[in-house]
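Below: one structure, written as structure tokens.
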Number of protein chains: 2
Amino acid sequence: MTFALVGGTTETASIPGISAAGGNPELMAVTPTADVEIVERGEPISTDAIPVSPTGCPTPALLTRAVRDLVDLDLAVIDAGMARPPAIETTVVADQPGGDIRSAMPVPEAEDIWERARTVGRDLSAPLTIGETIPGGTTTALGVCRALGVDIGVSSSLPENPLERKHRIVSGGLDASDLSPGDLAGAPREALRYQGDPVLAGVAGLAEGALSTGASVTLAGGTQMLAVVALLDHAGVEDSIEVATTRYVADDPATDIHRVGERFDVRVTVTDPEFEQCDHLALARFANGEGKEGVGMGGAIAIAQERGHSMKAVRETAIQRYETVPTARVDTPSEGR
Amino acid sequence: MTFALVGGTTETASIPGISAAGGNPELMAVTPTADVEIVERGEPISTDAIPVSPTGCPTPALLTRAVRDLVDLDLAVIDAGMARPPAIETTVVADQPGGDIRSAMPVPEAEDIWERARTVGRDLSAPLTIGETIPGGTTTALGVCRALGVDIGVSSSLPENPLERKHRIVSGGLDASDLSPGDLAGAPREALRYQGDPVLAGVAGLAEGALSTGASVTLAGGTQMLAVVALLDHAGVEDSIEVATTRYVADDPATDIHRVGERFDVRVTVTDPEFEQCDHLALARFANGEGKEGVGMGGAIAIAQERGHSMKAVRETAIQRYETVPTARVDTPSEGR
């Protein structure tokens with residue numbers, strides 16, 4: 001089995017206040033790079049520290065890495081437009097970050113990225129689980145879904161979801177591309193080109209490629225993976241697919257993952273990381289509704305549980321990793337709250 | 001042991017008449033991508049055909065792949081600015097192609113590329129052999145050496161070496177950067193920034209990183225690897241290093257690899273692919289002084305011979321590979337001769 005991790009960046013993330021990943025624009029650009037390095041090597045290589053949110057919530061990469069410490073997983077790191085290439089082996093499907101969705105065409109190469117990822121997905125050993133890391137990704141997911149005319153709701157990595165701000169940004173993005181909601185129904189690659197990000201294109205392509213070989217595919221994540229489900233549906237992909245996520249996404253009133261699952265006939269697996277049972281100050285922040293999901297955390301935890309590992313073992317392994325590497329504590333920017 | 005293959009592109013290659021790789025500018029840009037895919041998978045993925053020179057000489061990647069068919073080698077593909085990312089796992093050390101050396105600063109990130117590659121080189125399992133693929137690379141190698149004030153001579157992948165043209169281009173490059181020959185002696189990263197390409201920076205960084213861990217390092221190639229030897233010398237790297245190349249480079253009157261080897265105290269291994277004993281029309285072109293070296297061919301052949309495989313077995317395996325995949329025959333552009 002393969003765990004594919006698709007990382008990238010979008011300039012959309014540098015719009016103030018829409019993402020917790022990294023805490024400041026510079027760190028945000030390097031967050032996906034550090035995330036994939038943490039999952040592959042156990043610690044970041046291209047930066048000195050583990051990314052944390054403005055309030056100190058560490059990256060979910062720690063949990064996904066903890067699962068890799070416990071379970072033997074083939075990891076495939078897919079670079080879908082990371083601003084800084086990680087110092088590990090990757091397969092590159094997009095060679096530049098996505099643009100701001102308020103520009104006319106933020107992902108001009110969306111079709112090419114999807115196609116390259118499809119080629120890659122055909123070669124990964126089954127079953128395939130796909131995770132993602134891209135700051136600002138829930139906003140571009142919302143953008144794509146509005147272009148498709150699909151309502152999935154939108155979660156956030158911040159404790160207070162800046163939903164109104166995201167909708168305003170997406171409306172600006174639709175205007176800039178001269179689109180009304182639903183205009184790109186049935187044209188998923190166009191929706192990505194005008195309102196998406198390179199990671200969504202990469203995940204969709206990987207999934208389509210793997211499904212075409214008969215592999216079973218699990219999308220590990222929240223809002224963004226629901227957007228990928230919608231993209232595949234609009235691409236005419238009829239194979240059944242699963243979504244695995246955490247309780248923090250499933251319990252979020254801003255999204256309704258089960259309703260979306262039913263609508264697209266997708267099986268949804270929800271795992272509970274039980275962070276509230278954890279007296280570790282940093283990881284306990286997840287229990288407060290921060291972080292929620294990302295870097296395939298929910299799907300990785302589901303795999304660990306299937307293999308008989310307790311949630312406690314996963315948490316403790318993650319804490320060990322957290323304690324051995326410095327964290328990138330940054331000044332809390334007011335717009336990040 | 002690891003066989004690292006560093007691929008990239010430089011706009012310098014699109015100057016008419018300086019490289020045989022690919023035969024036309026568009027194919028030239030995809031040649032390193034196809035080369036690393038051939039060595040990794042046995043056939044190109046991102047293009048339909050094997051790159052050939054204007055006269056039909058196939059890429060030396062076929063020979064390096066043939067050695068991998070015979071010998072178990074850990075392959076590490078390093079993307080140092082490939083114009084098109086290959087559809088296989090790579091480690092990215094440069095995220096864009098190099099510029100034309102006749103511009104003021106063709107490789108602005110040279111120091112960063114060297115540094116990233118150094119990090120990567122520390123992690124590769126010893127001993128390490130490094131090959132390269134970058135169309136136009138002998139011209140940038142000449143540029144770097146002139147900036148350092150080192151005379152290494154310059155070979156060519158074309159049967160008639162356009163030496164005068166290369167020197168004219170390099171002189172233009174020095175002028176554009178406001179430099180005289182030797183001005184950057186002792187400043188190898190500056191020499192790369194103003195006169196080099198991203199692959200030279202990547203190879204030098206990889207070698208330095210591996211040497212720093214005590215690994216033995218073999219540079220597999222001709223002119224470009226001699227430039228790397230000079231770069232490492234000017235960077236103050238004192239560990240001994242080896243160069244492995246083919247008879248076609250060693251016999252080329254335009255270079256004097258043994259003299260350069262003595263000057264920098266480098267052990268030079270020369271292998272003879274004996275292509276003249278081969279009645280295969282395409283591969284026989286190598287015997288006419290085309291291709292000569294590249295994609296680590298000489299070093300790979302040396303490894304095969306150390307492991308007891310005959311040159312005949314290597315050639316026949318390469319011919320099998322050649323016969324199963326179409327070749328990209330292109331119209332012979334007059335300036336390519």
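The criterion of at least 2 residues that are closer than 21 Å to B:D72 by Cα is met, among helices (runs of 4 or more DSSP H) falling completely within region B:218-337, by B:297-306, B:311-324. Sub-7 Å Cβ pairs linking a first residue in region B:231-254 that is over 12 Å from B:R267 (Cα atoms) to a second residue that is of a type in the set (D, E) and surrounded by fewer than 17 Cβ atoms within 10 Å (Cβ to Cβ), at least 6 apart or interchain, are B:R247/B:D272, ordered by first then second residue.
Only one of the numbered conditions (1) polar (S, T, N, Q); (2) in contact with a Lys or Arg (Cβ under 8 Å, 6 or more places away or on another chain); (3) surrounded by 22 or more Cβ atoms within 10 Å (Cβ to Cβ) is not met by A:S240, and that is (3). When we screen B:D183, B:D178 for residues that are touching a helix residue (DSSP H, G or I) at 6+ places or on another chain (Cβ under 8 Å) and in a loop (DSSP other than H, G, I, E, B), the only hit is B:D183.
Could you tell me whether any residue of region B:6-29 is at pLDDT below 80, on the phi > 0 side of the Ramachandran plot, of a type outside the set (A, V, I, L, M) and surrounded by fewer than 24 Cβ atoms within 10 Å (Cβ to Cβ)? So far as region B:6-29 goes, yes, one or more of its residues are at pLDDT below 80, on the phi > 0 side of the Ramachandran plot, of a type outside the set (A, V, I, L, M) and surrounded by fewer than 24 Cβ atoms within 10 Å (Cβ to Cβ).
For region A:243-285, a residue qualifies if it is in contact with a Cys (Cβ under 9 Å, 6 or more places away or on another chain) and crowded, with 18+ Cβ neighbours inside 10 Å, and the qualifying residues are A:A282, A:L283, A:R285. Count of region B:100-131 residues, restricted to those that are in a loop (DSSP other than H, G, I, E, B) and surrounded by fewer than 17 Cβ atoms within 10 Å (Cβ to Cβ), is 7.
Rundown of residues vs (1) in contact with a helix residue (DSSP H, G or I) (Cβ under 8 Å, 6 or more places away or on another chain); (2) free of Cβ contacts under 8 Å to residues at least 40 places away in the same chain, yes/no style:
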residue: A:P25; (1), (2): yes, yes
residue: A:E37; (1), (2): no, no
residue: A:D69; (1), (2): yes, no
residue: A:M105; (1), (2): yes, no
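All conditions in (1) within 24 Å of B:A318 (Cβ to Cβ); (2) over 14 Å from the mean Cα position of the chain (by Cα); (3) away from every other protein chain (no Cβ under 14 Å); (4) buried (at least 24 other Cβ atoms within 10 Å of the Cβ) hold for B:A61, with the sole exception of (2). Counting the residues of region A:126-178 that are closer than 30 Å to A:E40 by Cα and among the small types (G, A, S) gives 8.
For region A:104-122, check the following and say yes or no: at least one residue is within 14 Å of chain B (Cβ to nearest Cβ) and farther than 23 Å from A:A191 by Cα. Yes, region A:104-122 contains a residue that is within 14 Å of chain B (Cβ to nearest Cβ) and farther than 23 Å from A:A191 by Cα. Is it true that B:R307 is of a type in the set (K, R), surrounded by fewer than 22 Cβ atoms within 10 Å (Cβ to Cβ) and within 21 Å of the chain's Cα centre (by Cα)? Against the criterion (of a type in the set (K, R), surrounded by fewer than 22 Cβ atoms within 10 Å (Cβ to Cβ) and within 21 Å of the chain's Cα centre (by Cα)), B:R307 does not qualify. Among the residues examined, A:V144 qualifies as under 18 Å from the mean Cα position of the chain (by Cα) and modelled with pLDDT of 95 or more.
For region A:31-49, does any single residue satisfy the condition of being small (G, A, S), more than 19 Å from A:P135 (Cβ to Cβ) and part of a loop (DSSP other than H, G, I, E, B)? Looking through region A:31-49, at least one residue is small (G, A, S), more than 19 Å from A:P135 (Cβ to Cβ) and part of a loop (DSSP other than H, G, I, E, B).
Taking region A:179-220 only, how many residues are at pLDDT below 95 and closer than 27 Å to A:P273 by Cα? Qualifying residue count, region A:179-220: 0. Scanning region B:65-99 for residues that are more than 8 Å from every other protein chain (Cβ to nearest Cβ), acidic (D, E) and outside any helix (DSSP H, G or I), we see that the one that is surrounded by the fewest Cβ atoms within 10 Å (Cβ to Cβ) is B:D72.
The values are calculated or read from the model by the stated rules, or taken from the named source; none is laboratory data. This one's a predicted model, so the numbers in the text were calculated from it and none came from an experiment. Reconstructed Cβ throughout: ideal geometry from the backbone, glycine too, with neighbour counts over all protein chains shown.
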